[in-house]
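Any read-out appearing in this document is the output of simple, stated calculations on the displayed coordinates, not a laboratory observation. Note that the structure is a prediction, hence the values are computed from the model and not measured. With ideal geometry, Cβ positions are generated from the backbone for all residues, glycine too; neighbour counts draw on all protein chains shown.
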Amino acid sequence: MEPKIYVACLAAYNSGILHGAYIDATLHPDEMLVLIGEMLEKSPVIGAEEWEIHDFDDFDCIRIDRWEDLQQVHDIACFLVDKGELAAKLLQELGNEEVDYVRQYMEDNYIGKYDSTRDYVYEMVDECYSDLPEFIACHLNYEAMERTLSYDLIEIELNGYVYLYHNT
C-alpha cells in the first residue's frame, strides 16, 4: 500500500489548466507542504498560491476530502501502511474517527479472527460452559445467540474471515 494524494494548483485549475502533483501521503506534513510549494512555483499561472486535494490513491475504502488537513492525511496513510486493509475497514466502520482512537480501539477491543461469527459463538459457549451436559447443550439456539451478540460486536469481513471487535 502506497497512499498518495494529488494536489492541484487552483489558479491553474480555474484557468482551465490541469497542473498538480502526486505526493506520498506518508511524508510528514511539512515535507508535503514543501512539495506543494514547489508544484505551485512551477504553475503556468504566475503567483499561484492556493491548492486543494483533487484525488487520492491507495487509501482503500477511506475517502480523503479535498480540504483534508495534511496531518490527518499523513496519520491515515501511515496507519493504513502499518495495519493494512483491516485498519481501513475499521476506520470506515467507526466513522473515520481519529487514527489514534482507531489504533487504540483495534488493540483494546479485538476479540479474534474467525471463519464466521457463529464460530465465535460456539467457541464462547464451549469456553464458558465446557461442563454443560450434552442433553442440554444440544438444545442451545446458537443462531439466536449470534443475533443477540451481533449488537455488541463489530464484524469486519476480509479475505474470507470475520474479524470481531467489542462494540463499546
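Below, the figures for the structure above:
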{"item": "Inter-label distance, nm, simple model (7 Å from Cα along the C-beta direction), residue 113/residue 28", "result": "3.4 nm"}
{"item": "The chain, Rg to Rh (Cα coordinates; Rh as Kirkwood inverse mean 1/r)", "result": "1.22"}
{"item": "Model label zone, residue 159; criterion: amide N under 13 Å from point 7 Å along Cα-to-beta-carbon; scope segment 63-101", "result": "83-87"}
{"item": "Whole-number D in µm² s⁻¹ for segment 57-155, Kirkwood Cα-pair radius fed into Stokes-Einstein, 10 °C, 1.306 mPa s", "result": "99 µm²/s"}
{"item": "The chain: relative contact order in percent, alpha carbon pairs under 8 Å with at least 6 residues between", "result": "19 percent"}
{"item": "Neighbour cut-off at most 15 other Cβ (10 Å), DSSP loop, chymotrypsin sites (Phe, Trp or Tyr not before Pro), segment 19-77", "result": "67"}
{"item": "Value at 222 nm in deg cm²/dmol, rounded to 500, when DSSP H runs of n ≥ 4 in the chain each add -39,500 (n - 2.57)", "result": "-13000 deg cm²/dmol"}
{"item": "Simple Cβ-charge dipole of the chain, Lys/Arg +1 and Asp/Glu -1, about Cα centre, in debye nearest 20", "result": "420 debye"}
{"item": "Segment 110-166: projected area of the alpha-carbon convex hull, averaged over directions, in nm²", "result": "4.0 nm²"}
{"item": "Estimated vicinal HN-Hα couplings, Hz - segment 65-73 in sequence order (Karplus 6.51, -1.76, 1.60; Gly, Pro = x)", "result": "6, 5, 10, 4, 4, 4, 5, 5, 4"}
{"item": "Karplus-derived HN-Hα couplings along segment 87-95 (A = 6.51, B = -1.76, C = 1.60, θ = phi - 60°), whole Hz, x at Gly and Pro", "result": "5, 4, 5, 5, 4, 5, 4, 8, x"}
{"item": "GluC sites (Glu not before Pro) restricted to DSSP loop in segment 77-119 with at most 15 other C-beta within 10 Å", "result": "97, 98"}
{"item": "Cross-link reach list, lysines versus residue 83, counting only Cα pairs under 23 Å and skipping chain neighbours closer than eight places", "result": "4, 113"}
{"item": "Interatomic Cα distance distribution for segment 4-83, bins of 5 angstrom, percent", "result": "3, 18, 27, 23, 15, 9, 4, 1, 0"}
{"item": "Residue among 104, 92, 71 with the largest mean-square fluctuation in a Gaussian network model of the chain, springs linking Cα atoms under 10 Å", "result": "104"}
